[in-house]
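Taking it in order: structure first as C-alpha cells, then the write-up.
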Amino acid sequence: MFEIIFLGTSASAPSVHRGLAANMVLHKEHRFLIDCGEGTQRQILQSGLGFKRLERVLLTHGHLDHILGLGGLVSTFTRWEAIDEIEIYGGARTLERVKSLIYEVVFGGVPPPLSLRFIRLEPGIFFEDDSFQLSAFPVIHRGTDSFGFLFEEKSRRRFLNEKATELGVPFGPERRQLVSGESVTMADGRIIQPDEVLGPEIAGTKLVYVGDVGQTDNLVEVADHADALIIESTYLETEGKLADDFSHLTAARAAKLACQANVQQLYLTHLSRRYREQDVINEARAIFPNTTVVRDFDRIQVVNER
C-alpha cells in the first residue's frame, strides 16, 4: 500500500485554495516529497506531516513552480537541525538549477551546514528495499529534462499457516526460512519446500506519478494496469491549442491515457485557476469514470484490488 498526501495542486501560480506543486508519498517508514513549489514547507506543517524523516526529494523537472520552495525548506532545516542529510533526485539540468538556488541564492556561496546529496536521475530503478522499488521514466515537457516516477510493490506469496501446521513445521526460524524461499529439513529428515506452504503469487500495488507533461503516447506502457495514476490536468479541451503550446495536458487527454493504460483510478492535479473544478471532473469522467480531481490536503491510499 502507498499513501499520498496532496500538498499543492495548482498550476503555475497558487490560488486561494490551492498551493504550488508538492505531494508526499508514504510507504512504511519511507517518505518521498515529489516537487517542492513555493510555500511547500507551510503546507507540510499544515498537513500534520511535519519534517521528520523528510530526507528524499524527487523532482519531476526544473520549472520554478516545482522547485522554488526548496530554498526555504533547506534553510529551515539548517535552523531546526531536524534532518542531517537530504537526497535530491532530478535530471541533470534540474539539479544544476536547484544547486544555483540553494548555494548561491539561499547561502550566498557559503557551504550550508547540512549535507546535500544531488543524485542525477536516469531511466530505471533508483531506490529499492525488500518490499518495493522506485523507478524513474522520461517525460516530455517543454525545455526540461523531465521524469515521472513508478512506485511498485514487489509481488508476494501468502504463508499458509494451516498447511505448515499440518506438515509439522514448528513456529520460529523454520517458518521464516520458508517465507524467504528456503527449504527446511525437519527433525525426522523430511525436507519441506517453500511451494508446499506458500499460496499463489499476489501482485504488488502499482502507483504512477507524472508531473507536467505534453505528450502521453510514451506513457501507456509504464502506466499499464496501474492501481493509481496521478497526473496533471492544466487545461480543458476547449483550449487544447494552449495545452499544445505550453506542453501540458487537458483533462480529456489525461483520461484517454487512463483508458489506454487500463488503470484502476485516475487522480488529476495541477489545475489552472481559469476553470471550475466541476468542469474538469465532467470532461475527464465522460471518458474515464474512475476520475478524482484532488485538492490540497487530500489523502488517498492506493492498494492492489485486482
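Whole-Hz Karplus values for segment 49-66 come out as 5, x, 9, 4, 6, 8, 10, 10, 10, 10, 10, 6, 6, x, 5, 4, 6, 10 Hz, taken residue by residue from phi with 6.51 cos²θ - 1.76 cosθ + 1.60 and θ = phi - 60°; glycine and proline positions read x.
As a footprinting exposure proxy, order R157, R79 by other Cβ within 10 Å, with the fewest listed first. Don't skip to the end; give the middle numbers.
Details: R157 15, R79 9.
By the 10 Å Cβ count, ascending: R79, R157.
Taken about its Cα centre, the chain carries a charge dipole of about 600 debye when Lys and Arg each add +1 at the Cβ and Asp and Glu each add -1 at the Cβ. When only the Cβ of Lys, Arg, Asp and Glu is charged (+1, +1, -1, -1), the dipole of segment 157-201 relative to its Cα centre reaches about 140 debye. Each peptide in 109-118, 90-99 receives the mean, over its residues, of other Cβ atoms within 10 Å, and ordering these scores from highest gives 90-99, 109-118.
From the helices alone, meaning DSSP H stretches of at least four residues, give me the mean residue ellipticity at 222 nm for the chain, per-run term -39500 (n - 2.57), in deg cm²/dmol to the nearest 500. Let's see the in-between values first.
Details: 9 runs with 72 residues, N = 306.
So the calculated ellipticity at 222 nm is -6500 deg cm²/dmol.
Could you give the size of the charge dipole of segment 104-194 about its Cα centre, using +1 on the Cβ of each K and R and -1 on the Cβ of each D and E, expressed in debye and rounded to the nearest 20? It would help to have the intermediate numbers written out before the result.
On the way: 11 positive and 13 negative charges, 25 e Å.
With only Lys, Arg, Asp and Glu charged at Cβ, the dipole is about 120 debye.
Phi angles of segment 112-126 translate, via the Karplus equation with coefficients 6.51, -1.76, 1.60 and θ = phi - 60°, into HN-Hα couplings of x, x, 7, 6, 10, 10, 9, 10, 6, 7, 10, x, x, 6, 10 Hz per residue; Gly and Pro are given as x. Modelled spin labels at E3 and N218, positioned 7 Å past Cα toward Cβ, are 3.5 nm from each other. Distant-in-sequence amide contacts of V213, defined by a placed amide H-H separation under 5 Å and a gap of 5 or more residues or a different chain, comprise L249. Evaluating 6.51 cos²θ - 1.76 cosθ + 1.60 at θ = phi - 60° for every residue in segment 195-201, the Karplus couplings come out as 4, 6, 10, 10, x, x, 5 Hz, glycine and proline recorded as x. Using C-alpha pairs under 8 Å with a sequence gap of at least 6, the mean separation divided by the residue count of the chain gives a relative contact order of 17 percent. Our summary gives segment 96-187 a relative contact order of 13 percent, counting only alpha carbon pairs under 8 angstrom and 6 or more residues apart. Classification of segment 210-306 by its C-alpha gyration tensor yields an oblate form. The axis ratio a/c (a ≥ b ≥ c) is 1.5 or more, and b/c is at least a/b. Run the Debye formula on the Cα coordinates of segment 157-201, all scatterers equal and no solvent, and tell me log10 I(q)/I(0) at q = 0.14, 0.24, 0.34 1/Å. Computed log10 I(q)/I(0) values: -0.25, -0.76, -1.52.
Under a 5 Å amide H cut-off, with hydrogens placed 1.01 Å from N, R273 pairs with A11 among residues at least 5 apart or on other chains. Amide hydrogen proximity for R157: with H placed 1.01 Å from N in the peptide plane, the residues at 5 or more positions away or on another chain lying under 5 Å are I202.
How large is the convex hull of the Cα atoms of segment 250-306 per residue, expressed in Å³ as a whole number? Can you show the working numbers first?
Numbers: hull volume 4.5 nm³, N = 57.
With only Cα atoms used, segment 250-306 gives 79 Å³ per residue.
Among C259, C36, sorting on how many other beta-carbon atoms sit within 10 Å of each Cβ, with the fewest leading, yields C259, C36.
Any read-out appearing in this document is the output of simple, stated calculations on the displayed coordinates, not a laboratory observation. Keep in mind the model is a prediction, meaning the values are calculated, not measured. Heads up, the Cβs are rebuilt from the backbone with ideal geometry, glycines too, and the neighbour counts pull from every protein chain shown.
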